[in-house]
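So the structure is just underneath, and the comments pick up after that.
Since every read-out is calculated from the coordinates, none of them should be taken as a lab result. Computed from a prediction, not measured in an experiment: that's the story for all the values here. Ideal geometry is used to build each Cβ from the backbone, glycine not excepted, and the neighbour counts take in all protein chains shown.
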Amino acid sequence: MKNSIAILAIFTIAGATSALNAQTKTSVQTPLAVTAAFAKEHPNVKPVWEKEKGAFEAGFIENKQKKSALYTPAGVKTESEVEISASSLPDPVKQYVKTHYKGNTIKEGAKITKSNGEVNYEAAIKGKDLIFDHTGKFIKEAKD
């Protein structure tokens, strides 16, 4: 019994350490142009990098807000995303979810700003991300 408890404690500590390291380490090899572009805009922020469809996404917290930024391999930012509360989403977004996804609640929301200034909204529901334009008009559904 003592061995089982000791083994469980070791795995628990190892898992917690891995989770902490995942928050501070770069998870993918990121080109210098990408990291330099990010550092120029966010000099005191440590991002977690992921590769997304040939681009590089920096996930980070700045001013107590969850954010992300998407860059091409050449270091050109194509969009940024800021987490917002579900209640801050435009009313047409909330109504669309209520009507077309009955029984689902919006877990979280995001405001996405593309490099050309276009604004979209994202509503995360169970296993899906729903994308809307700046007026709240539904654009598409994507797997979470």
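Descriptive notes on the structure:
- Given Lys46/Lys94; Lys64/Lys128; Lys53/Lys137; Lys67/Lys102; Lys40/Lys67; Lys66/Lys114, the pairs whose alpha carbons are separated by over 22 Å: Lys46/Lys94; Lys64/Lys128; Lys53/Lys137; Lys67/Lys102
- Selected from Gly103, Ala142, Ile125, residue furthest toward positive end of dipole (region 98-144; charges at beta carbon): Gly103
- Its Cα gyration tensor gives region 85-144 an equivalent ellipsoid. The semi-axes, each the square root of 5 times an eigenvalue, are 18, 12, 10 Å from largest down.
- In order along region 81-86, the Karplus-derived 3J(HN,Hα) couplings, from 6.51 cos²θ - 1.76 cosθ + 1.60 at θ = phi - 60°, round to 9, 10, 5, 10, 6, 4 Hz, and Gly and Pro are given as x.
- Residue-by-residue Karplus 3J(HN,Hα) for region 38-47, coefficients 6.51, -1.76, 1.60, Hz, glycine and proline x: 5, 4, 5, 7, 10, x, 10, 10, 9, x
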